Amino acid sequence: MISEPSRYYAVELQALPSRIGQVRRIVSAHLRHWQLDALVDHAVLGVTELLTNVHRHAQPDKRCTVEIELLLDRLTVSVRDHDPRIPEAVGCPDPLDAYDGGDGNDELTTSGRGLAIVGAVSESWGVRPCGADGKVVWFTLAAPPPAVPVETRSYAVYGSTPEGPFREYAPFPGVPLSAPADPAAAPALEPVLAPAPAVAVGAAAARRVPAGRTG
């Protein structure tokens, strides 16, 4: 059964080697989908250790539930199994020494070294007893702050031609840049002349007679 509310994912499985590899890929894919790429390596390593402990030591069966949940700035990864025994982490100089093995007869010691690795890669970890129903082993990782979205806009760029910027507009002073350089030609208008003023002419001036001549 798989459920996936927002920022929460849970999967039930048998802690077998083949299924552990599948869960690793599932956890990685979900963290990348949540844009938590920086947490993938540590989360996958931690969940691998917890599932390996279930595979090696859990009784009476290997059924378990893996949960990952992002709450505010914390990612919590947990594995619940049906074994009520509580393991204890065993200190070692380098937690990666757990991969060198150990006394195979001391199951809790081997499991504890796995928890030492979980503690080394996580911010915090713990065990929550569930009575006869088993236990939950969990660890947390600090989530990086979400990236602030940057608003992008497109702008027109001018001045990339030899003619210079605003080459499509009139260069004459006093003409606004919003006026086109070659406006549509206005229709030609015929000149209209004002009529000459009327002059009143008297009877004596109606006819001019050259000097020295009569009649």
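In the range 128-149, the residue that is nearest to the chain's Cα centre (by Cα) out of those that are β-branched (Val, Ile, Thr) and modelled with pLDDT of 95 or more is Thr140.
Restricting to the range 46-69, and then to whatever is part of a helix (DSSP H, G or I) and touching a residue at least 60 places away in the same chain (Cβ under 8 Å), can you tell me which residue is farthest from Val127 (Cα to Cα)?
Filtering the range 46-69 down to residues part of a helix (DSSP H, G or I) leaves 46-57.
Retained after the next criterion (residues that are touching a residue at least 60 places away in the same chain (Cβ under 8 Å)): 46, 49-50, 52-53.
Numbers: Gly46: 14, Glu49: 14, Leu50: 11, Thr52: 16, Asn53: 13 Å.
Here the answer is Thr52.
Within the range 70-81, is there a residue that is of a type in the set (Lys, Arg), farther than 27 Å from Pro145 by Cα, part of a strand (DSSP E or B) and at pLDDT 90 or above? Even if it seems obvious, please write down each step before you answer.
At the first step, the residues of the range 70-81 found to be of a type in the set (Lys, Arg) are 74, 80.
So of that shortlist, the ones also farther than 27 Å from Pro145 by Cα come out as 80.
Adding the requirement that they be part of a strand (DSSP E or B) leaves 80.
Now restrict to residues that are at pLDDT 90 or above: 80.
Yes, because at least one residue in the range 70-81 is of a type in the set (Lys, Arg), farther than 27 Å from Pro145 by Cα, part of a strand (DSSP E or B) and at pLDDT 90 or above.
For Ser18, the conditions (1) part of a helix (DSSP H, G or I); (2) of a type outside the set (Phe, Trp, Tyr); (3) in contact (Cβ under 8 Å) with a residue 12 or more places away in the chain are fulfilled apart from (3).
Can you pull out every residue in the range 82-106 that is among the small types (Gly, Ala, Ser) and either over 18 Å from Ser124 (Cβ atoms) or at pLDDT 70 or above (or both)?
Taking the range 82-106 as the starting set, the residues that turn out to be among the small types (Gly, Ala, Ser) are 89, 91, 98, 101-102, 104.
Residues satisfying the conditions are Ala98, Gly101, Gly102, Gly104.
Taking the range 49-77 as the range and being surrounded by fewer than 21 Cβ atoms within 10 Å (Cβ to Cβ) and over 26 Å from the mean Cα position of the chain (by Cα) as the test, the residues that pass are Thr52, His55, Arg56, His57, Gln59, Pro60, Asp61, Lys62, Arg63, Thr65. Does the range 25-41 include one or more residues that are among the β-branched types (Val, Ile, Thr), part of a helix (DSSP H, G or I), touching a residue at least 24 places away in the same chain (Cβ under 8 Å) and farther than 14 Å from Val137 by Cα? Checking the range 25-41: at least one residue is among the β-branched types (Val, Ile, Thr), part of a helix (DSSP H, G or I), touching a residue at least 24 places away in the same chain (Cβ under 8 Å) and farther than 14 Å from Val137 by Cα.
For (1) more than 24 Å from the chain's Cα centre (by Cα); (2) at pLDDT 95 or above, each residue gets a yes or a no:
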{"position": "Glu4", "(1), (2)": "no, no"}
{"position": "Arg7", "(1), (2)": "no, no"}
{"position": "Gln14", "(1), (2)": "yes, no"}
{"position": "Ser18", "(1), (2)": "yes, no"}
{"position": "Gln22", "(1), (2)": "yes, no"}
{"position": "Ser28", "(1), (2)": "no, yes"}
{"position": "Arg32", "(1), (2)": "no, yes"}
{"position": "His42", "(1), (2)": "no, yes"}
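The values are calculated or read from the model by the stated rules, or taken from the named source; none is laboratory data. Since the model is a prediction, treat every value here as computed from it, not as a measurement. A quick note on method: Cβ atoms are made from the backbone with ideal geometry, for glycine too, and the neighbour counts reach across all protein chains shown.
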